[in-house]
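These notes concern the structure reproduced below.
Laboratory data are not the source of any read-out in this text; all were calculated from the coordinates shown. Everything numeric in this text was worked out from a predicted model, so none of it was measured. Ideal geometry is used to build each Cβ from the backbone, glycine not excepted, and the neighbour counts take in all protein chains shown.
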Amino acid sequence: MISVKLYNGKTFSSEPGTSLLDSAKAAGITLEYSCRTGRCGVCKTTVLSGDTEALKGESSLTADELAAGMILTCCRQALSNVELDAEDIGALGDIVVKTLPCRIDTITRLAENVVEVVLRVPPTSKLHYLPGQYLDVIGEGGLRRSYSIANAQRADGKLELQIREVEQGSMSQYWFGSAKPNDLLRLEGPLGTFCLRDKSASTLVFLATGTGIAPVKAILEQLLSTPKLAEGKNIRIYWGGRTAADIYWTPQLDGLSASFIPVLSRASADWQGRTGYVQAALLDDAIDLAQAVVYACGSEDMIHSAREALTVAGLPVKHFYSDAFVSSN
Ligand code: FES
């Protein structure tokens with residue numbers, strides 16, 4: 001039997017032909033992940049000892065990272081006993097992934113190309129999740145797309161999604177064409193490991209682009225409803241869009257020590273706020289990144305450049321959490 005050891009001492013066994021991520025999951029251990037397809041880079045880690053082999057393409061690893069012994073746990077199997085520079089996420093250990101029927105409760109237009117879809121699940125099968133996680137919606141013909149849950153757990157169990165129109169996107173044609181209240185769908189979730197971590201850092205930074213604000217909204221609701229999580233923390237929320245019309249939501253931050261900073265990349269002349277990219281805006285603010293934890297959600301480009309620029313500027317690598325929206329048509 002092949003054994004995999006994490007740097008916090010936990011171990012699990014690995015089956016040939018099964019990814020390290022799935023082997024861990026089978027043993028009740030949750031490692032960092034999001035896309036499960038090699039594209040987002042969230043499951044990236046370093047092999048400290050032992051041999052592994054790729055089961056599929058690791059497209060989000062650079063040549064330098066490969067040379068440095070980095071792997072994607074969603075793409076690799078162990079060939080020998082292995083030690084990884086990764087740890088499990090204890091808080092996610094009790095979360096059960098379910099497939100449930102659901103119905104559309106409401107559909108509301110938030111912006112020209114964004115709708116809010118609220119789903120309701122049968123009252124007896126509420127979904128338990130951590131704010132920041134995502135779910136897959138399964139539509140007609142098995143068509144499946146991933147969406148972050150945009151709310152913290154509600155008493156009525158409803159789940160809010162923010163959905164951006166994708167040109168030529170098969171699921172978009174449904175959401176922006178024929179979807180209506182009471183339509184029956186299925187969902188699978190909760191998925192992913194994007195959630196608030198128990199870090200002692202004094203500054204919490206959220207970086208979002210587009211509908212990447214959805215999981216940030218969920219986490220902010222969690223902070224508002226559990227004030228001790230935000231105690232002594234300075235919170236900064238940077239939300240990037242192209243134009244002012246992309247800033248379709250304003251957070252309620254009463255009771256939090258928080259700043260909301262919209263950043264536009266194609267601002268019109270009358271825009272009074274910040275311009276450029278969210279990661280550059282954060283760097284311009286010259287906060288002490290050594291004391292910060294950054295949660296980034298949105299486009300792959302933003303996540304990759306933010307991770308690089310911020311770690312160079314002093315953010316500890318393990319204080320950068322991300323959920324990249326990997327696009328599909
Ligand atoms: S690259 Fe492995 S979870 Fe996304």
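Data overview
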read-out	value
Residue order, fewest to most surrounding Cβ atoms within 10 angstrom, among LEU6, LEU72, LEU159, LEU229	LEU229, LEU6, LEU159, LEU72
Percent of beta bridges antiparallel (DSSP, the chain, rounded to nearest 5)	60
Dipole magnitude (debye, nearest 20) for the chain, charges at Cβ of Lys, Arg, Asp, Glu	660
From phi via Karplus (6.51, -1.76, 1.60), per-residue ³J(HN,Hα) for region 225-236 in Hz, x at Gly/Pro	7, 10, x, 5, 5, 9, 4, x, 9, 9, 10, 10
Cα gyration tensor shape of the chain, rounded if a/c is under 1.5, else prolate or oblate by comparing a/b with b/c	oblate
Percentage relative contact order, region 203-325, counting C-alpha pairs under 8 Å, at least six apart	29
Among TYR174, TYR277, TYR134: highest mean-square fluctuation, GNM of the chain, C-alpha pairs under 10 Å	TYR174
Sorted by Cβ neighbour density within 10 Å, fewest at the top, the residues SER19, SER146	SER146, SER19
Gain upon complete extension [LEU184, ASP156; 0.36 nm per residue less C-alpha separation]	8.3 nm
Estimated inter-spin distance, ALA63 and GLU308, nm [label 7 Å along Cα→Cβ]	1.4
Distant-in-sequence amide H partners of LEU110 (H built 1.01 Å from N, under 5 Å)	VAL115, GLU116
Check: region 2-88 dipole with +1 on Lys, Arg Cβ and -1 on Asp, Glu Cβ, in debye	240
Candidate lysines - alpha carbon under 30 Å from LYS126, same-chain residues fewer than 8 apart omitted	LYS25, LYS98, LYS158, LYS180, LYS199, LYS217, LYS228
Using distinct alpha-carbon pairs, which all enter the 1/r mean, Kirkwood radius of region 98-191 in Å	13.2
Amide H within-cut-off set for LYS98, under 5 Å, with H built and near neighbours excluded	GLY189
Contour excess over end-to-end distance, with Cα ends at THR250 and THR11 and 0.36 nm allotted per residue	81.7 nm
THR209 long-range amide H proximity, modeled H, under 5 Å	GLY240, CYS297, GLY298, SER299
Whole-Hz couplings from phi, Karplus 6.51/-1.76/1.60, listed for region 189-201; x for Gly and Pro	x, x, 10, x, 10, 6, 6, 5, 10, 8, 10, 7, 3
Once the Cα gyration tensor of region 2-88 is diagonalised, semi-axes √(5λ) in Å	18, 14, 12
Sum of -39500 (n - 2.57) over DSSP H runs of 4+, divided by residues of the chain (222 nm, nearest 500)	-4000 deg cm²/dmol
Calculated SAXS-style log₁₀ I(q)/I(0) at q = 0.19, 0.26 Å⁻¹ - region 1-52, Debye, Cα scatterers	-0.66, -1.24
FRET efficiency for GLN291 and GLU87, using Cβ-Cβ distance with R0 set to 25 Å, rounded to 0.05	0.75
